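Read the figures in this text as sums done on the coordinates, not as results from a lab. Quantities reported herein were computed from a predicted structural model and do not represent experimental measurements. In this analysis, Cβ positions are derived from the backbone assuming ideal geometry, glycine residues included, and neighbour counts consider all displayed protein chains.
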Amino acid sequence: MTAPAESAAGPQPWDQPAPWILFLRRHIWLIGILFFLTMITVMRPLLVRRPPPPEVVGEVPAFTLVDSSGDTFDRGELLAADKTWVVGFVFTRCPSTCPAISRAMLSFQDQVSRARLDDRVELLTVSVDPAYDTPEVMAAYAESIGANLDNWRFITGDEQAIEDFVVGGFKLAVGDAEQVAGRDPGVIDIAHSTKLALVDRYGNIRGYYSTDEDGLNELFHRTLRVIRIEEGE
């Protein structure tokens, strides 16, 4: 009698791929996506182009002025604050450009606050009409525009000190007071710069920026750059 043929052997355990190989085969697309996202996260800081630091274009000179509280404000106090400063130039009875300058500074202050930089950035409004803009007038002006005085100073002083500060220090022209044609006798205009100046914590002037949207955005990013350089980031 012929012996029955042995049945063909079925798959043996050692013929099966290891579980981790099966996992890779089934999820290779997911692993690829995770790897790609990880590489983007790791490489992003290296790929971001940081703008160059703004050049030093001048230096704030020695000065002694007075703020809206009647307190003396000088270069020593500016440096002792250890902050980055944004400086604007206005006069309170200005009928033309000054309201726009103050609105721009309000917007910038809000941007600084939202970035939680209130303790690193200070605003400074300087009157170019000091004969009229007494500390009391500057205080009323600050209140009228809704300025937050926690990090915003309003400055005036005698005429020669203001001229030395604005013209001599910031190299910005200031014209004589002129009666505005067709307006009440008390309405005058004084030609002056509408730019905002950026000053670092060492008293170096780092540039001048316009008060339109593009100018304020550039000023904000340049301010961040100055802060990061000074803090060694």
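For the ranges 158-167, 203-212, what's the packing order if you count other beta-carbon atoms within 10 Å of each residue, average per peptide, and put the highest first? Kindly include the intermediate steps, with their values, before the conclusion.
Details: 158-167: 16.7, 203-212: 18.3.
The peptides rank, most packed first, as 203-212, 158-167.
Peptides 123-132, 103-112: what's the order by average Cβ count within 10 Å, highest mean first?
Numbers: 123-132: 22.0, 103-112: 18.3.
So the peptides 123-132, 103-112, ranked by packing, come out 123-132, 103-112.
Would you mind counting up the charge near Ala81? Only other residues with Cβ under 9 Å from its Cβ, with Lys and Arg at +1 and Asp and Glu at -1.
On the way: positive: Lys83, Arg201; negative: Glu77, Asp82, Glu122.
Result for the local shell: -1.
Can you compute the modelled spin-label distance between Leu34 and Ser113, with each label point 7 Å from Cα toward Cβ, in nm?
Placing both labels 7 Å beyond Cα along the Cβ direction yields 4.5 nm.
In a shell of Cβ-Cβ distance under 13 Å around Ala104, excluding Ala104 itself, what net charge do Lys and Arg (+1) and Asp and Glu (-1) give? Mind showing how you got there, number by number?
On the way: positive: Arg103, Lys195; negative: Asp110, Asp212, Glu213, Asp214, Glu218.
That works out to -3.
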